[in-house]
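Notes follow the structure.
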Amino acid sequence: MGRRLTDVSTPARLAATGEGLGQDELALAARNHGLPLEAMRYDVTPPGLHYVLTHYDIPLVPDEAAWRLTVSGRVRRVLSLSTAELRTRPAVTTRVTLECAGNGRALLSPRPVSQPWLVEAVGTAEWTGVPLRLLLAEAGVASDAVDVVFTGADHGVERGVEQDYERSLPIDIATCEEPEVLVAYAMDGAPLPPQHGRPLRLVVPGWYGMAQVKWLRGITVIDTPFTGFQQAVTYRIRRKPEETGEPVTRIAPRALVIPPGFPDFMSRTRVVAPGPVLLEGRAWSGCAPVTSVRVSTDGGATWQPAELEPDRGHRWAWRRWSFLWSAVPGDHVLSVRATDGAANTQPLEQPWNQGGFANNVVQRVPVFCPDTAHTG
Ligand SMILES: Nc1nc2c(c(=O)[nH]1)N[C@H]1C(S)=C(S)[C@@H](COP(=O)(O)O)O[C@H]1N2
Ligand SMILES: [Mo]
């Protein structure tokens, strides 16, 4: 099989200048779907419209009663828990916006060849589960614990490395009380759908998608930094392939526009009638609460503040913003820019890295406003 697979020493491929999407990217795009942007109208994304990203195959779990979650490694007592046993423990429900670290990748130049997201790899759900810190306390974590490794039941090969999907969190994040990491068994009050990790997944509020391990079957406490593929090889910010790079962690601020008016089928250009147009959208950051959203209706030349709704106790979920625009006939480009309480903001020029991770360049939404006579 080696002939058709790359190996770990080969960096992920960059598309050549002007190279269109390949069959390989199309195959991923057809499996992993984004949030239709008009679904940002809902505070909580309706089931089925939340984005999905799965590296390998969605595991078949015919008998949920037989599923066991093991907590082992540097612990006093190994736990092996059924989903029924997990449901007898204290339950917490948190509204969380998840975003894939590769969101925006297909807009980059050069384009890293992988899942070709535009900006739609985001969604918000109410996740219910057991706080991870309670399970770790029950197992009794050793004082030399460094990382906690989360193992999914899915298996594949990536750049020549055969693996179970595995990610880790530093022990202080894993045992943190706010935000609380969850071992979730429900999404929006129902058992997890197969594509979102049935029967168990990790939910790490504020962190990019790769940390939210689905089909969770193992939690292992270790006393050295985890060096698995998804931790040490990929999900790192590298300008050059040979760099060690910085790990991808928390979600950088981003705001998106709910597409106004109606779309042109192929170009997706929006068509709006002249006059007042209420622009609305969502803004989020995993680093600190969003403090301001600014809107530009002239391609970024000038910016005006948008109205930002309070978070209503949902710190880890996106917030609604709105802005009243007076549309005049012609072509326009709408942009929106979020800033958070830690002074992180969205760049106006693309921040480029090899994997196209944590890319949060401001969105550009082309809008055409015809003369009144032409709208129906
Ligand atoms: N076991 C497992 N967990 C996983 C993945 C995976 O491929 N396998 N993909 C990760 C990535 S990259 C993302 S963006 C999120 C997507 O979660 P969702 O499909 O529920 O939206 O799941 C994460 N958890
Ligand atoms: Mo992702």
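The values are calculated or read from the model by the stated rules, or taken from the named source; none is laboratory data. Since we're looking at a predicted model, the values are computed, not measured. For neighbour counting, all protein chains shown are included, and Cβ atoms are generated from backbone atoms with ideal geometry for every residue, glycine included. Note: areas computed on protein heavy atoms with side chains; ligands, DNA, RNA excluded. Shrake-Rupley method; radii C 1.70, N 1.55, O 1.52, S 1.80 Å.
Consider only pairs whose beta carbons are under 6 Å apart and that are at least six residues apart or on different chains; among these, list those whose first residue lies in the stretch 290-305 and is under 17 Å from VAL333 (Cα atoms) and whose second residue is in a strand (DSSP E or B) and polar (S, T, N, Q).
VAL295/GLN304; SER296/SER335; GLY300/SER335; TRP303/SER296
Taking the residues in the stretch 114-125 that are crowded, with 20+ Cβ neighbours inside 10 Å and closer than 14 Å to GLY22 by Cβ as candidates, determine which candidate is farthest from ligand 2 (Cβ to nearest atom).
Here the residue is PRO116.
If I ask for residues that are acidic (Asp, Glu) and within 14 Å of ligand 1 (Cβ to nearest atom), which ones from the stretch 156-211 would you list?
GLU158, ASP164, GLU166, ASP188
Kindly indicate the residue of the stretch 169-198 that is within 16 Å of ligand 2 (Cβ to nearest atom) and under 17 Å from THR70 (Cα atoms) and also surrounded by the most Cβ atoms within 10 Å (Cβ to Cβ) among those meeting that condition.
GLY197
Residue-by-condition table, conditions (1) away from ligand 1 (no atom under 13 Å from the Cβ); (2) more than 17 Å from TYR208 (Cα to Cα); (3) out of contact with any Ser or Thr (no Cβ under 7 Å at 6 or more places or on another chain); (4) open to solvent by 40 Å² or more (accessible area, probe 1.4 Å):
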residue	(1), (2), (3), (4)
GLU85	yes, yes, yes, yes
PRO90	yes, yes, yes, yes
ARG105	no, no, no, no
ARG133	yes, yes, no, yes
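Take the stretch 19-53 and flag every residue that is open to solvent by 80 Å² or more (accessible area, probe 1.4 Å) and either of a type in the set (Gly, Ala, Ser) or more than 16 Å from ligand 2 (Cβ to nearest atom) (or both).
LEU21, GLN23, ASP24, LEU26, ALA30, GLU38, ARG41, TYR42, PRO47
Look through the stretch 136-164, keep the residues that are under 20 Å from PRO199 (Cβ atoms) and open to solvent by 20 Å² or more (accessible area, probe 1.4 Å), and return whichever of them is farthest from ligand 2 (Cβ to nearest atom).
Restricting to residues being under 20 Å from PRO199 (Cβ atoms) and open to solvent by 20 Å² or more (accessible area, probe 1.4 Å), the top hit is GLU138.
Can you find even one residue in the stretch 62-74 that is away from ligand 1 (no atom under 16 Å from the Cβ), among the hydroxyl-bearing types (Ser, Thr, Tyr) and assigned by TED's automatic domain parsing to the domain that holds GLU166?
Yes: the stretch 62-74 contains one or more residues that are away from ligand 1 (no atom under 16 Å from the Cβ), among the hydroxyl-bearing types (Ser, Thr, Tyr) and assigned by TED's automatic domain parsing to the domain that holds GLU166.
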